[in-house]
1. So for the range A:7-269: antiparallel DSSP bridges make up what percent, rounded to the nearest 5?
2. Counting only other chains, and only Cβ atoms inside 10 Å, what mean value do you get across the residues of A:184-191?
3. Mind checking B:140-146 for the average number of partner chain beta-carbons within 10 Å of each residue's beta-carbon?
4. I want to check the label-to-label distance for residue A:264 and residue A:226. Put each point 7 Å from Cα in the C-beta direction and report it in nm to one decimal.
5. Output the Kirkwood hydrodynamic radius of the range A:230-270, Cα pairs only, in Å rounded to one decimal.
6. Per the helix-only calculation at 222 nm, which mean residue ellipticity applies to chain A, given -39500 (n - 2.57) for every DSSP H run of n ≥ 4 and division by its residues, nearest 500 deg cm²/dmol?
7. Counting only DSSP beta bridges with both residues in the protein assembly as shown, tell me the antiparallel percent, nearest 5.
8. Using a 7 Å offset from Cα along the direction of the beta-carbon, what are the separations from residue A:95 to the same position in each other copy, nm, ascending?
């Protein structure tokens, strides 16, 4: 009943904290795992971040985020590939076995074109990822982000891509926020099976006051998180359960108290 | 090049105008068709609205909106069915051959349950609609509205429902705003074929500043409207092309000038 062994918190969930503060607070609160966002590494530098994480005893679940492959120009697409290779190096340095890919989209360009750029981009990064021992998780984003953040908007599309790339180093990330509405979700989770590399939870608020930064703590919204967790479990997923919440409201609160509420919500609602 | 013969404007597009003002302005601007929202009928009353529309010479494309069938209680579902029957009477009174259904969703209730309520609700309203000579258009809404506005979030789901109900009085409404992101859209439009009862256009802004009321005028966003129009045309649709834009920004503008910009955008971007 008090099993936090699979609980992971994203540094973006407690965005006001520096990486050092997040590491200390998670460790103190008995949160065993952390997903690190790159912008929380930058201020302290990669080496110091890697050292702090290593010494903390926290398990690093993943690095967020790679992706953003589509671009108008060849040069733009190469820049994205180079940046993803750097992300692989960062993931390896901090001991993250996985990079989550927010795949990208160029406003006004066809989504099919974006998906080709994404496939090509992942294929280009893949040898480097494999050599570094880092997996790549294709995260479908909610269709509300199809204009500018991701041309991959259903688990079906992500599954198609993972199957096309057919590498043990590429899989999918299931995030309840992005996928809960999909009538095909149960089937596509079953299809993904062992390709599910990570699992993100939060909630969908009614009303949602801001498209980017008004996610809910589990229980604050309408998502049947338990049902999706059962589907993911049935598909064979046994990894960490990652709390990823972008919320201006929650970021404005005392983060230590908020972390305790996250733990409670994790026990009661996931 | 100046063919406005299929142009229809929704009264909600020029929301600040009363129905009388909208009728006068559309007629003066050479907009031949109007879709009437029920809240624009209420202030003047149904009889007066019907008379004004009849005398205007405008073609009434549809009545917006019916739907909102899901409810926790049996009584709530019956209330919705009764209200939809009244909408049928209103549509018949103003000479609208179609009611567009925003199907509804109850936050926190399973979407599958909502879809059952929707199917049952439409089936319950159907005899009355048929008797009145009014068709019912199932409009899939963007997944961003799955929490509280519609459990029908893809054209596939709407097509499934229309095929299940198998009546010439039930079909689907294709709105580019709700469907543009869907990787299956071309296929599902072809599948819908003659079941396409109406076609709505506007645009998706980047960034979208408000989930409800920040739609763009055609050309202000990222949707390839022409491509979707081609698909709809290929499916056999020859009806009006309806401009439905909810926009705090555009509602704050001079509506007469805005209507001229709508006409220009219709010619250049649809």
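Please treat every number below as a calculation from the coordinates, not as lab data. Keep in mind it's a predicted model, so treat the numbers as computed, not measured. Please note: Cβ atoms are built from the backbone with ideal geometry, for glycine as well, and neighbour counts cover all protein chains shown.
1. Working: 2 of 33 bridges.
So the antiparallel bridges in the range A:7-269 amount to around 5 percent.
2. Working: counts 3, 1, 1, 0, 0, 0, 0, 0.
Taking the mean over all residues of the peptide, I get 1.
3. On the way: counts 0, 0, 5, 11, 8, 3, 8.
Partner Cβ neighbours, averaged per residue: 5.
4. 1.8 nm
5. Details: mean 1/r = 0.0838 Å⁻¹.
Computed over Cα pairs of the range A:230-270, the Kirkwood hydrodynamic radius comes out at 11.9 Å.
6. When only DSSP H runs of four or more count, the value is -13500 deg cm²/dmol.
7. Working: 4 of 66 bridges.
If we restrict to bridges inside the protein assembly as shown, about 5 percent are antiparallel.
8. 7.6
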